[in-house]
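Novice: So that we are looking at the same thing, I have put the structure below in structure tokens.
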Amino acid sequence: LNKKEIEVTFVKHDGTRIKTKGKVGESFLDVVVNNDLSLEGYGACEGTLTCSTCHLVFKKEDFEQLPDRPEGEESDMLELARGVTDTSRLGCQVFLTENMDGIVVEVPESSNDARLQ
Ligand code: FES
């Protein structure tokens, strides 16, 4: 059975919007990788929670709808991300749900690869 696809838009720091699709249950990192999106350096550690390059900023109302909050290793790693906000998450830790259809997320400028510090 095919999982439902939803529409996801990534907004780069230069304002470029990348509209794409992802399947329910995939992470935002999966969406970037599976669609081969040109987000340089994004998801450098491939979801192993050691880089923070998958930093995304959610709109407040979307952030509040997320099923969980960053905790443990994710929040430790987020602290190392540049330009972290109250509605920041790591894209490899947030999974698509049906009610996210049409969601717009920001990809902050110059993500930091924590492994290089
Ligand atoms: Fe490295 Fe998410 S891809 S922490």
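Novice: Restricting to region 42-65, what's the tally of residues that are surrounded by fewer than 16 Cβ atoms within 10 Å (Cβ to Cβ) and part of a loop (DSSP other than H, G, I, E, B)?
Specialist: 4
Novice: Something else: For G83, state whether it is under 22 Å from R115 (Cβ atoms), in contact (Cβ under 8 Å) with a residue 12 or more places away in the chain, away from the ligand (no atom under 15 Å from the Cβ) and among the small types (G, A, S).
Specialist: yes
Novice: Also, quick follow-up: Return the residue satisfying two criteria in turn: it lies in region 97-110 and is loosely packed, with under 14 Cβ neighbours inside 10 Å and within 19 Å of A44 (Cβ to Cβ), and of such residues it is nearest to the ligand (Cβ to nearest atom).
Specialist: S110
Novice: Within region 88-96, identify whether any single residue is part of a loop (DSSP other than H, G, I, E, B) and surrounded by 13 or more Cβ atoms within 10 Å (Cβ to Cβ), and answer yes or no.
Specialist: So far as region 88-96 goes, yes, one or more of its residues are part of a loop (DSSP other than H, G, I, E, B) and surrounded by 13 or more Cβ atoms within 10 Å (Cβ to Cβ).
So that you can scan it fast, the table gives a plain yes or no per residue for (1) under 18 Å from M100 (Cβ atoms); (2) more than 10 Å from the ligand (Cβ to nearest atom); (3) touching a Leu at 6+ places or on another chain (Cβ under 7 Å):
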site	(1), (2), (3)
L29	yes, no, no
N34	yes, yes, no
T48	no, no, no
L56	yes, no, no
D68	yes, yes, no
G72	no, yes, no
D76	no, yes, no
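Novice: Residues of region 73-87 being touching a Ser or Thr at 6+ places or on another chain (Cβ under 9 Å) and either surrounded by 21 or more Cβ atoms within 10 Å (Cβ to Cβ) or not aliphatic (A, V, I, L, M) (or both), which ones?
Specialist: The answer is E73, M77, E79, A81, R82, G83.
Novice: Restricting to region 19-41, name every residue that is touching a Ser or Thr at 6+ places or on another chain (Cβ under 7 Å) and either modelled with pLDDT of 95 or more or in a strand (DSSP E or B) (or both).
Specialist: Correct list: K19, V24, V31, N35, L37.
Let's see how each residue does on (1) touching a Ser or Thr at 6+ places or on another chain (Cβ under 8 Å); (2) at pLDDT 95 or above; (3) acidic (D, E):
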{"position": "E64", "(1), (2), (3)": "no, yes, yes"}
{"position": "E71", "(1), (2), (3)": "no, no, yes"}
{"position": "R89", "(1), (2), (3)": "no, yes, no"}
{"position": "D101", "(1), (2), (3)": "no, yes, yes"}
{"position": "L116", "(1), (2), (3)": "no, no, no"}
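Novice: Do we find that L37 is among the aliphatic types (A, V, I, L, M), in contact with a strand residue (DSSP E or B) (Cβ under 8 Å, 6 or more places away or on another chain) and either under 15 Å from E106 (Cβ atoms) or exposed (fewer than 12 other Cβ atoms within 10 Å of the Cβ) (or both) in this structure?
Specialist: yes
The values are calculated or read from the model by the stated rules, or taken from the named source; none is laboratory data. In this text the structure is predicted, and so the values were computed from the model without any measurement. Counting neighbours? That spans all protein chains shown, and the Cβs are built from the backbone with ideal geometry, glycine included.
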